Each structure stands twice: as structure tokens, then as C-alpha cells.
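What follows is a set of notes on a single structure, which appears directly below.
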Amino acid sequence: MRLVNVEALKMKLGMESKEIIPFSDLLEACQSIGIARSHDEAVTFAHVLDDAGVVLLFRDQVYLHPDKVVDLIRRALPLALTPEDDPARGELKMLQEKKEEIDVQAHKEVRRILYSGLCLALLQVGLFFRLTFWEFSWDVMEPIAFFATTSSIVIGYAYFLITARDPTYQDLMKRLFLSRQRKLFKKLNFDVERFKELQLKQKSPLDATTSIKKRIGMKLELDDAIHK
């Protein structure tokens, strides 16, 4: 009879619309619908409901939806405190390995671009040297060298106007790396938002930016990869 009356108790408490009620309201409801004949019996029955997982008792409060409370606790709990066989741990490890591969590939592509720029600079110096001492003279090449140098200054100033950053080699390398990284994220369908969420739960100082810092000499945040 008491098991049948549990459904009536749920309707009495309005469990569909309420989340939390005082412990005294639960005791009154138990007595009003005839589940308990006394205050002590109502307290005993309330603890039976708590043990059965129907409600959750905590600090004179009754949580009518324990499953929601458990879900919130699981979301807030750091992965470092979760069991070893927790699926989130495996998912984070898989995403870390995938991101490490993407970072390595992006770094290789950036290095190729930078070495290509070095080759072009050496080619320009060699060409100017050839034209100055073999084909023409310094009187002819001086204005050409001047305008070539001025052009590089103009390009650097344009870079500052567009990006609002100092035109340094390190900043250029960072922008190239982030550009290649974003393209690889999109190409390989890497979920950056999910990776960031799992990483925040882990609350570990050894995050995914450590390997990037060792490679390119600067620390990059995940937000840099998300926001252009």
C-alpha cells in the first residue's frame, strides 16, 4: 500500500514543476496522504525514499530530481577525479593525440613557408649583387635598392594597419601557424569546443599548449584557434 502511495506523494509534492522543497514539507505530505501515521514514521519513510533514489535529502532540503543533481555533479567534477575507465578520459586522450598530430603538421607547413621566404630573400640579395658588380653599376642599382627597402617598410606598415600588431617575425609565425591549424581543424573535423570543455574539466597544468610552445617558442591558447 505504501509503494502504491508513492505516486500520490509525487503528485502531492508537485514533482513535475518543483525542484527543491523544505524537508518539513515532505514530512507533512507523507502524513497528509496517510503514508505515515506519526512524525517519526514520516522521517523514517523520507530516509527510505532517499535510499531508494526517489528524492535526495541534503541539509534540510529535499531535491525532487536526484538524476539532475547527479548530472550536474558529473559535469562539474574534474576528469582527474573520475574513474580510470570513464569515457571522458578516453575521449580527451584521443582528442589530445589528434591535436598533437595537427600541430605537428601545421608546424611543418609553417616551416616550409618560412624557408621559402628565406630562399626568396637570398635570391634577391644574390640578384642585386650580380646586377651591381657585373651587369650594371652602383649608380644604377642604388635607387633600385632604395625603393626595394622602402617597399619592405611600406609592407610592414600595412601589416600593422591590417592586424593591429607589430610586424615582427614571431608574430608572423604565430599567425601563419594559427591559419594552418584552423584549416587542418576544419579539414579533419576536429571539435575544438569539445576539446576545450574536456580540458577545463581536467584542470591539469600540462595542457595541449605545452608542445606548441616547445615547437615555435610561444604559448598559444585554444581561443586563438577558435577566434580569427
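General remarks:
- Between TYR169, THR150, PHE133, the Cα set farthest toward the positive side of the dipole of the stretch 107-169 (charges on each charged residue's Cβ, about the Cα centre) is that of TYR169.
- Between LYS98 and PHE136, the simple label model (points 7 Å from Cα in the Cβ direction) yields a spacing of 5.5 nm.
- Distance cut-off 16 Å, percentage of C-alpha pairs in the stretch 80-165 lying past it: 74 percent
FYI, it's all coordinate maths here, none of it is from the lab. What you see is a predicted model, and the numbers here were worked out from it, not measured in a lab. In this analysis, Cβ positions are derived from the backbone assuming ideal geometry, glycine residues included, and neighbour counts consider all displayed protein chains.
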